[in-house]
Amino acid sequence: MRFLLRRLGFYLIAFWACITLNFFLPRLMPGDPVSRMFAQVQTQMRPDQIAALRQLFGLTDKPVWQQYFDYIGNIFQGNMGISLSRFPTPVSSVISSEIGWTLLLGATSLIIAVVLGNLLGIIAAWRRGRFLDSVFPPLLVFVGSFPYFWLAMAALYLFGIVLGWFPLNHAFTDGVEPSFSFSYVADVANHLVLPALTIVLVSIGGWMLGMRNTMIATTAEDYITMARAKGLRSGRIMFHYAARNAMLPSITSFGMSLGFVVGGALLTETVFAYPGIGYQLLNSVQALDYPLTQGIFLTITTAVLAANFLVDIIYVRLDPRVRVS
Amino acid sequence: MPKNKRSTSLSILAASAVLGAMALTGCGGGHTANVGKTSDGILRIPREDTATFTSNFNPFSPTALPMTDQAVFEPLLIVNPMTGKAVPWLGKSWTVDPDGKGVTFTLRSDVKWSDGQPMTATDVVSTFTLAKKIQGGYSYLSKVSAVNPTTVRFDFSKAYSPGLYEIGAQVIVPEHVWSKVSDPAKFTNANPVGTGPYTKVSHFQTQSYELDKNPNYWQPQKQQISGIEMLAFAGNSGANLAFENGDVDWSDQFIPSIQKSYVAKDPAHRKFWYPTTGGTIQWQLNTTKAPFNDVNVRKALSMAVDRNQVATLGESGYTHPADCTGLTDGYASWKDASIVNSCDWTKLNVAEANKMLDAAGYPRGANGIRTLKSGKPFAFSISVGSASSDWISVAQVIAKNMQAIGVQLTVSSPDWSQVVDGYSKGTFDTGIVWTNDATTPYEFYRGEMSQDSVVPVGTPANEDYHRFGDAQATTLLNQMAATSDPAAQKTIVNELQARFNATAPAISLFPSPVWGAYSEQNFTGWPTAADPYATLSARSSTTTLVLTSLKPVK
């Protein structure tokens with residue numbers, strides 16, 4: 001319990017550091033949102049509208065420290081302000097309209113990659129030098145080192161255009177009303193295949209290699225020899241003795257990756273026109289939309305910290321050594 | 001005259017430029033595209049600059065959703081930049097005071113809001129009150145009053161005849177709805193009430209939404225499309241892919257090698273039209289800095305620019321060199337042919353450019369670089385935003401051209417906001433800049449050479465970044481604002497062109513093309529070069545004309 005409280009204290013300090021950086025970083029960028037918007041639409045805006053727009057956006061000349069305290073105060077009231085690039089939509093509604101698809105895509109592909117990658121790693125290490133071990137790691141590393149957008153475009157071209165098996169874009173067929181019917185869920189799943197598959201393809205190699213390597217180290221431990229000597233079933237030794245101990249680094253990486261899922265998958269969203277938060281983050285940074293940028297970073301920060309805290313708790317459960325120290 | 005920007009501007013990161021190329025090469029293969037879906041009468045249009053939509057049909061918001069000003073709300077008049085003619089819309093007719101100090105609009109009496117209530121002069125008056133309050137602008141507008149239910153009177157505080165087109169382009173909102181809104185600036189207007197042809201929002205989702213017919217539209221015979229569906233895409237590559245695959249009917253983002261990647265797959269139905277009627281793109285020289293205050297230097301530099309190369313390398317050959325009037329092709333009817341034919345400083349002539357610089361007192365040094373009067377080398381930078389890859393190529397071509405006249409030009413391409421900051425405060429050397437583009441050339445020339453638009457270095461400018469003012473041009477511009485007589489305006493614009501030709505305020509490079517492509521698979525009646533009733537832009541005021549002209553294929 002003391003361990004968890006200490007961790008909690010650490011996370012609070014980390015959170016404060018993050019939101020402070022979050023506040024200052026966007027403001028260090030050159031320019032201001034209105035001139036950015038003006039440059040973007042060029043002649044669509046009349047020059048005499050700029051002053052009014054500044055006022056509308058509430059871009060005040062308040063001292064920075066005062067803005068900072070307002071910002072901290074607002075965060076604790078759950079008020080993230082109004083987006084400038086999507087004025088007058090509140091930041092929270094912009095994020096909530098997109099986060100669902102981001103979580104669906106990110107979590108699906110992450111879980112598939114982790115489960116499959118770790119399983120492959122466990123088996124490869126257990127049967128070292130056999131087919132699985134000699135073919136899969138180099139193959140997956142090869143695939144994983146392709147530039148992601150190239151792989152995604154190739155998959156889209158092959159499966160979407162030439163073969164026509166999967167839809168080219170969006171999260172479900174346009175114009176269909178979301179419902180809990182089988183046809184809608186199937187439609188969403190069908191649209192999810194290509195984006196998720198490509199993410200899994202490029203990320204699975206890392207999971208497999210990581211697991212394989214720790215697993216090999218574990219299999220050399222004395223307690224594995226002991227287990228064999230006791231005559232335990234091979235499968236039991238593999239999963240309950242070797243894999244359970246080799247799993248710890250993977251759990252840490254999983255926690256980190258889980259947190260970053262909410263940041264969205266920019267390139268996937270671009271190639272497959274999948275709705276999500278990644279492209280929004282890019283746009284908001286480019287538009288100097290401070291409130292939205294801060295809102296998205298805050299969401300990511302919170303998610304990463306929460307995921308890590310969760311991993312800490314799981315660690316306590318998995319690794320008795322943590323409990324004792 | 002709003003128009004779409006070159007799609008490579010700003011909102012795209014470098015990676016997606018590569019992606020665009022991938023999409024192109026990936027889809028240039030030998031297969032036949034899946035041409036068109038079974039027609040359900042819905043017009044599908046992609047938007048390449050957003051991955052998701054959030055509801056906002058507030059026409060006063062700078063970030064209103066696509067089609068808010070085109071399909072939901074309508075203006076008093078629509079100016080077709082292809083012909084320069086104004087098409088009466090909610091306003092049946094109008095008269096400008098001879099001294100340019102006011103406008104009177106007569107409204108159509110048969111227009112109803114989509115909720116069935118009639119549109120009257122009160123709506124127009126309250127719209128302008130809101131617009132002034134929320135958006136600003138209209139500084140010349142002193143009073144808007146409803147003379148009777150179908151007549152609105154606009155009084156100006158000074159002579160300003162171009163105000164007609166600004167007022168005419170303002171979309172009108174219903175007073176009975178907006179008067180009940182407590183904070184109109186922050187109103188997202190999820191269920192808009194408008195006079196436009198397609199006002200009913202349906203199937204609103206993050207990735208797409210549909211606008212269905214207004215049941216009370218005043219031109220029911222022109223509602224041939226059963227609805228409009230807008231689709232969100234994170235970047236050009238996705239939108240282009242959907243278009244090339246036949247999933248959408250109309251697309252106005254930039255498509256590289258469109259003939260090969262799009263038209264060639266179904267030449268019978270697929271067409272594109274890139275008229276060069278967008279604003280003129282210029283290379284502006286900061287005239288507060290020597291030697292750019294010297295007209296002969298400006299002209300010499302201009303003569304060293306190979307505009308054909310600029311158009312071919314920088315703009316994929318979709319445009320052509322600008323002439324010495326500076327005017328885009330959208331002002332073709334205003335151009336003075338005698339001036340256009342006598343242009344010299346906008347034609348490539350390296351020998352003459354060298355001669356002029358020698359004569360102006362900028363001798364070449366030992367290393368081939370000229371020396372300024374201050375003794376420093378003739379070297380400066382050309383600014384352009386990092387996101388506009390096409391304009392960066394333009395800047396590079398110019399930098400190369402300058403070597404031939406002993407001028408050292410370095411391309412500086414930081415982020416656009418930094419570039420605009422330099423333009424606005426007048427700290428830049430030279431840069432690639434867009435120009436004002438409105439119904440008449442008045443706004444263009446005001447931004448080029450009016451003394452009234454020049455502000456000191458350090459004070460943010462919103463136009464005339466190069467800070468050039470000419471007394472004669474200022475007088476001409478004031479005269480133009482004070483007359484509503486077309487013949488008199490024409491004479492003044494001719495004189496302005498002569499003045500531009502004489503003073504060379506900035507170096508015009510090319511008129512920007514207005515991108516647009518479509519498929520006749522599902523709809524016919526598109527604007528074409530032969531029937532230019534509008535441009536193919538899906539985000540300008542003439543879009544309303546296209547929406548009310550298209551007919552579904554039976």
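The values are calculated or read from the model by the stated rules, or taken from the named source; none is laboratory data. What you are looking at is a predicted structure, and each value in this text was computed from that prediction instead of being measured. Don't worry about glycine lacking a Cβ; one is built from the backbone with ideal geometry, like all the others, and counts go over all protein chains shown.
Identify the single condition in (1) more than 9 Å from chain B (Cβ to nearest Cβ); (2) crowded, with 21+ Cβ neighbours inside 10 Å that A:Thr270 does not satisfy, given that it satisfies every other one.
(1)
Does the stretch A:294-309 contain at least one residue that is within 13 Å of the chain's Cα centre (by Cα), within 14 Å of another protein chain (Cβ to nearest Cβ) and among the β-branched types (Val, Ile, Thr)?
Looking for residues that are within 13 Å of the chain's Cα centre (by Cα), within 14 Å of another protein chain (Cβ to nearest Cβ) and among the β-branched types (Val, Ile, Thr), one finds at least one in the stretch A:294-309, hence yes.
When you look at B:Leu313, is it more than 19 Å from the chain's Cα centre (by Cα), at pLDDT below 90 and surrounded by 15 or more Cβ atoms within 10 Å (Cβ to Cβ), yes or no?
Spelling it out, B:Leu313 is indeed more than 19 Å from the chain's Cα centre (by Cα), at pLDDT below 90 and surrounded by 15 or more Cβ atoms within 10 Å (Cβ to Cβ).
Just checking, does the stretch A:35-49 include any residue being at pLDDT 75 or above, assigned to a helix (DSSP H, G or I) and out of contact with any His (no Cβ under 9 Å at 6 or more places or on another chain)? Give the derivation first.
Just the residues of the stretch A:35-49 that are at pLDDT 75 or above, to begin with: none.
No, that holds for no residue.
If you go through the stretch B:281-329 one residue at a time, how many are more than 24 Å from B:Lys355 (Cβ to Cβ) and in a helix (DSSP H, G or I)?
Going through the stretch B:281-329 one residue at a time, the tally reaches 5.
If we keep just the residues of the stretch B:161-195 that are crowded, with 24+ Cβ neighbours inside 10 Å, in a loop (DSSP other than H, G, I, E, B) and touching a strand residue (DSSP E or B) at 6+ places or on another chain (Cβ under 9 Å), which is nearest to the other protein chains (Cβ to nearest Cβ)?
If we take residues in the stretch B:161-195 being crowded, with 24+ Cβ neighbours inside 10 Å, in a loop (DSSP other than H, G, I, E, B) and touching a strand residue (DSSP E or B) at 6+ places or on another chain (Cβ under 9 Å), then B:Pro192 is nearest to the other protein chains (Cβ to nearest Cβ).
Within the stretch A:151-160, work out how many residues are within 10 Å of chain B (Cβ to nearest Cβ) and either touching a residue at least 12 places away in the same chain (Cβ under 8 Å) or buried (at least 19 other Cβ atoms within 10 Å of the Cβ) (or both).
5
Could you identify the single residue in A:Val176, A:Val193, A:Val188, A:Val143 that is in a helix (DSSP H, G or I) and within 12 Å of chain B (Cβ to nearest Cβ)?
So the residue among A:Val176, A:Val193, A:Val188, A:Val143 that is in a helix (DSSP H, G or I) and within 12 Å of chain B (Cβ to nearest Cβ) is A:Val188.
Determine which member of the set B:Thr312, B:Thr287, B:Thr371 is among the β-branched types (Val, Ile, Thr), in contact (Cβ under 8 Å) with a residue 60 or more places away in the chain and within 30 Å of B:Gly422 (Cα to Cα).
Values: B:Thr312 fails: in contact (Cβ under 8 Å) with a residue 60 or more places away in the chain; B:Thr371 fails: in contact (Cβ under 8 Å) with a residue 60 or more places away in the chain.
Residue meeting the stated conditions: B:Thr287.
Could you please give the count of residues in the stretch B:301-310 that are over 22 Å from the mean Cα position of the chain (by Cα), surrounded by 19 or more Cβ atoms within 10 Å (Cβ to Cβ) and of a type outside the set (A, V, I, L, M)? Working first, answer last.
Of all residues in the stretch B:301-310, those over 22 Å from the mean Cα position of the chain (by Cα) come to B:301-306, B:308-309.
Now restrict to residues that are surrounded by 19 or more Cβ atoms within 10 Å (Cβ to Cβ): B:301-305.
From what's left, of a type outside the set (A, V, I, L, M): B:302.
Total meeting the criteria: 1.
Read through the list (1) small (Gly, Ala, Ser); (2) away from every other protein chain (no Cβ under 13 Å); (3) within 21 Å of the chain's Cα centre (by Cα); (4) buried (at least 21 other Cβ atoms within 10 Å of the Cβ), then give the number of the only condition that A:Ala107 fails.
If we test A:Ala107 against (1) small (Gly, Ala, Ser); (2) away from every other protein chain (no Cβ under 13 Å); (3) within 21 Å of the chain's Cα centre (by Cα); (4) buried (at least 21 other Cβ atoms within 10 Å of the Cβ), just (4) comes out false.
Being at negative phi, facing another protein chain (nearest Cβ under 9 Å) and in contact with a Ser or Thr (Cβ under 8 Å, 6 or more places away or on another chain) narrows it down to one of B:Ser450, B:Ser417, B:Ser412, so name that one.
The match here is B:Ser417.
State all residues of the stretch B:379-396 that are away from chain A (no Cβ under 14 Å) and buried (at least 22 other Cβ atoms within 10 Å of the Cβ); if no residue qualifies, say none.
The answer is B:Ile382, B:Val394, B:Ala395.
Would you call B:Gly375 in a loop (DSSP other than H, G, I, E, B) and within 14 Å of chain A (Cβ to nearest Cβ)?
no
Determine whether the stretch B:515-528 contains at least one residue that is over 23 Å from B:Phe243 (Cβ atoms) and crowded, with 19+ Cβ neighbours inside 10 Å.
Within the stretch B:515-528, none of the residues are over 23 Å from B:Phe243 (Cβ atoms) and crowded, with 19+ Cβ neighbours inside 10 Å.
Restricting to the stretch A:161-187, what's the tally of residues that are surrounded by fewer than 14 Cβ atoms within 10 Å (Cβ to Cβ) and over 23 Å from B:Thr50 (Cα atoms)?
Here the count works out to 11.
Looking only at residues in the stretch B:420-447 that are part of a helix (DSSP H, G or I) and away from every other protein chain (no Cβ under 12 Å), which one is nearest to B:Leu327 (Cα to Cα)?
From the stretch B:420-447, those part of a helix (DSSP H, G or I) are B:420-425, B:442-447; that's our starting set.
Pick out the ones that are also away from every other protein chain (no Cβ under 12 Å) and you get B:442, B:445.
Details: B:Tyr442: 11, B:Tyr445: 9 Å.
The selected residue is B:Tyr445.
Looking at the stretch A:83-95, I want the residues that are closer than 14 Å to A:Val34 by Cα and at the interface with chain B (Cβ under 7 Å from one of its Cβ atoms) and have a partner that is of a type in the set (Ser, Thr, Tyr) and assigned to a helix (DSSP H, G or I) with Cβ atoms under 8 Å, at least 6 apart or on another chain. Which pairs are those?
From the stretch A:83-95, the pairs are A:Ser85/A:Ser284.
What helices (runs of 4 or more DSSP H), lying completely within the stretch A:220-325, carry at least 3 residues that are within 30 Å of B:Ser388 (Cα to Cα)? Can you show your working first?
Details: elements: A:222-230, A:244-261, A:266-272, A:277-286, A:290-318, A:320-324.
Passing ranges, in order: A:266-272, A:277-286, A:290-318.
Looking only at the stretch B:390-431, which residues are basic (Lys, Arg) and closer than 30 Å to B:Pro256 by Cα?
Across the stretch B:390-431, the qualifying residue is only B:Lys400.
Before we move on, is B:Val493 within 14 Å of another protein chain (Cβ to nearest Cβ) and surrounded by 22 or more Cβ atoms within 10 Å (Cβ to Cβ)? Can you show your working first?
Numbers: within 14 Å of another protein chain (Cβ to nearest Cβ): no; surrounded by 22 or more Cβ atoms within 10 Å (Cβ to Cβ): yes.
For B:Val493, the condition - within 14 Å of another protein chain (Cβ to nearest Cβ) and surrounded by 22 or more Cβ atoms within 10 Å (Cβ to Cβ) - is not met.
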